[in-house]
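Peer 1: The following block contains the structure, expressed as structure tokens.
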There are 6 protein chains.
Amino acid sequence: MKVSARNQLPGKVTKIEQGMILVEITIELDGGGELVSVITKGAVENLGLAVGKKVYAVVKSTEVMVATD
Amino acid sequence: MKVSARNQLPGKVTKIEQGMILVEITIELDGGGELVSVITKGAVENLGLAVGKKVYAVVKSTEVMVATD
Amino acid sequence: MKVSARNQLPGKVTKIEQGMILVEITIELDGGGELVSVITKGAVENLGLAVGKKVYAVVKSTEVMVATD
Amino acid sequence: MKVSARNQLPGKVTKIEQGMILVEITIELDGGGELVSVITKGAVENLGLAVGKKVYAVVKSTEVMVATD
Amino acid sequence: MKVSARNQLPGKVTKIEQGMILVEITIELDGGGELVSVITKGAVENLGLAVGKKVYAVVKSTEVMVATD
Amino acid sequence: MKVSARNQLPGKVTKIEQGMILVEITIELDGGGELVSVITKGAVENLGLAVGKKVYAVVKSTEVMVATD
């Protein structure tokens, strides 16, 4: 499957924190830096996510803001 | 101002494409890789965005999905 | 690629309306009913979208609201 | 109340899973297929949601992505 | 229709700026302050929006960030 | 830091409800009215949020819908 979301950054799962409905996934980007994602427990199971797994952080461009110092 | 959005990746504006209401900003991340952001023309003016400017790409963690190959 | 977004409804593109930055895609769902999506022109080109093409409408579950009469 | 969100698909609640702050609602669409929604516990109470209740799944068009096989 | 989005602030449309696909609506809140909304042209027509019209600005709680000075 | 999100309403935290991953923050707006925000526990700690604290509710304009009676 190829998805329209323009931002698809490769990385590796470094932490998984379980809630009751949602799960917080920390992804270390291949280029350096980290991204935090919150997805459902069902999605974590569907993808078989585990610490160390190679993944992409995917973000729709209308969800990306810009900030300046 | 300090904002709750967990993801704030440093980079540099490399392209600005103007629409009538919205503007597409391409950001080259310091760590490598690119992010595309779509924000309003008003926001671009408020921040004084221009090609070459140092910025942060900011994303709320509930907006980050995870994908696998 | 397999993406975490829980909602992936199969359908067919029935209309494409071009803006300068964004494009409005109308999708007739296989199960009946229509969905409207707004994505970037770049995404439309990446996916080679055209009227008649089989696609999935993909939505992160935190973006789905519920309403009652 | 009439809301601007372009996507309002009729269906029926088939499952409710409670978290501490958020609740996962599964909706069987009238046209076939399922949608998963994550909303606050407060919203579930405001709407009096329960399994079997007729509802609409509501999604803003800028939140709908498109994917291809 | 009653929608799950927890934030529904009453106000009045004070400005409408047309793009090709999207429209920027400025809403003066009854309590003071302004909100800017970007919705599709189709939604503006469905709701019959015009300057001066009484409306609600509606936001899902997972889309609200918090910032400090 | 100055962020592109067009909507930044000043207020005061009046309630904090803890989940395992996410936290629900109620903000009383200076202009009157309330907003509910759901952010991660990590964000609450980063900002040192507590009841009584002066904050801004921040919303990207593409996340604001419009409704009519």
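Values quoted throughout were computed directly from the atomic coordinates according to the rules given, and no laboratory measurement underlies them. Since we're looking at a predicted model, the values are computed, not measured. Quick reminder, even Gly has a Cβ in these numbers, built from the backbone with ideal geometry, and neighbours come from all protein chains shown.
Peer 1: Let me check I have the definition right: for the protein assembly as shown, take the eigenvalues of the Cα gyration tensor, multiply each by 5, take square roots. What are those semi-axes in whole Å, largest first? Let's see the in-between values first.
Peer 2: Details: eigenvalues 131, 131, 117 Å².
Working through the eigenvalues yields semi-axes of 26, 26, 24 Å.
Peer 1: Give me, ordered by chain and number, the residues 5 or more places off B:Glu34 or on other chains with an amide H under 5 Å from its own placed amide H.
Peer 2: B:Leu29
Peer 1: Have a look at chain B and give its Rg and Dmax from the Cα atoms, expressed in angstrom.
Peer 2: For chain B, the Cα-based Rg and Dmax read 12.6, 39 Å.
Peer 1: So for region A:7-53, averaging the separation of alpha carbon pairs under 8 Å that are six or more residues apart and normalising by length, what relative contact order in percent results? All intermediate terms of the calculation are to be shown ahead of the outcome.
Peer 2: On the way: 79 pairs, mean separation 17.6, N = 47.
RCO, region A:7-53: 37 percent.
Peer 1: Moving to a separate point now. When the Karplus curve 6.51 cos²θ - 1.76 cosθ + 1.60 is applied with θ = phi - 60°, which whole-Hz ³J(HN,Hα) does each residue of region E:44-50 get, with x for Gly and Pro?
Peer 2: These are the phi-based 3J(HN,Hα) values: 4, 5, 4, 8, x, 5, 7 Hz.
Peer 1: Here's another thing I want to ask about it. Does anything in region B:6-40 have its amide N under 18 Å from the 7 Å Cα→Cβ label point of E:Lys15, and if so which residues?
Peer 2: Hits in region B:6-40 for E:Lys15 at 18 Å: B:19-23, B:39-40.
Peer 1: I've got another one for you. Name the residues whose placed amide hydrogens come within less than 5 Å of the amide hydrogen of D:Gly19, ignoring near sequence neighbours (fewer than 5 apart) on the same chain.
Peer 2: For D:Gly19, the qualifying residues are D:Glu24.
Peer 1: Provide the per-residue ³J(HN,Hα) series for region F:57-65, in order, calculated from phi with Karplus coefficients 6.51, -1.76, 1.60 and θ = phi - 60°, each as a whole number of Hz, with x at glycine and proline positions.
Peer 2: Rounded to whole hertz, the list is 8, 10, 9, 5, 5, 6, 9, 9, 9.
Peer 1: Also, quick follow-up: Would you mind checking the pairs F:Lys2/F:Lys60; A:Lys12/A:Lys41; B:Lys60/E:Lys60; C:Lys15/D:Lys2; A:Lys60/B:Lys41 and listing those with alpha carbons more than 22 angstrom apart? Walk me through the numbers on the way to the answer.
Peer 2: On the way: F:Lys2/F:Lys60 13 Å; A:Lys12/A:Lys41 18 Å; B:Lys60/E:Lys60 13 Å; C:Lys15/D:Lys2 24 Å; A:Lys60/B:Lys41 18 Å.
Beyond 22 Å: C:Lys15/D:Lys2.
Peer 1: Would you kindly derive the ³J(HN,Hα) couplings of region D:18-25 from the backbone phi angles with the Karplus curve 6.51 cos²θ - 1.76 cosθ + 1.60 (θ = phi - 60°), listing them in order in whole Hz, with x for Gly and Pro?
Peer 2: Karplus values, whole Hz, x for Gly and Pro: 8, x, 7, 10, 10, 10, 9, 10.
Peer 1: Within 10 Å of each Cβ in B:51-59, how many Cβ atoms from other chains are there, averaged over the peptide? Numbers along the way, then the final one.
Peer 2: Values: counts 0, 0, 2, 2, 7, 9, 6, 12, 10.
For peptide B:51-59, the averaged partner shielding equals 5.
Peer 1: Moving on to the next point. Which residues' amide hydrogens lie under 5 Å from the amide hydrogen of D:Val66, considering only partners 5 or more residues apart or on another chain, with H built in the peptide plane?
Peer 2: A:Ser4, A:Ala5, C:Val58
Peer 1: Okay, next question. In deg cm²/dmol, rounded to 500, what helix-only [θ] at 222 nm does the protein assembly as shown give when every DSSP H run of at least 4 residues adds -39500 (n - 2.57) and the total is split over its residues?
Peer 2: Details: 6 runs with 42 residues, N = 414.
Counting only the DSSP helices, I get -2500 deg cm²/dmol.
Peer 1: Here's a follow-up. Looking only at other chains, what is the average number of their beta-carbon atoms within 10 angstrom of each beta-carbon in D:10-23? Don't skip to the end; give the middle numbers.
Peer 2: On the way: counts 3, 2, 0, 2, 0, 0, 0, 5, 2, 10, 11, 14, 16, 4.
Mean partner shielding for this stretch: 5.
Peer 1: If you put +1 on each Lys and Arg Cβ and -1 on each Asp and Glu Cβ, how big is the dipole of region C:7-51 around its Cα centre, in Debye rounded to 20? Walk me through the intermediate numbers first.
Peer 2: On the way: 3 positive and 6 negative charges, 19 e Å.
Around 80 debye, computed over region C:7-51.
Peer 1: What whole number of Å gives the distance from the Cα centroid of region F:8-69 to the Cα centroid of region D:22-69?
Peer 2: Comparing the Cα centres of region D:22-69 and region F:8-69, I get a distance of 23 Å.
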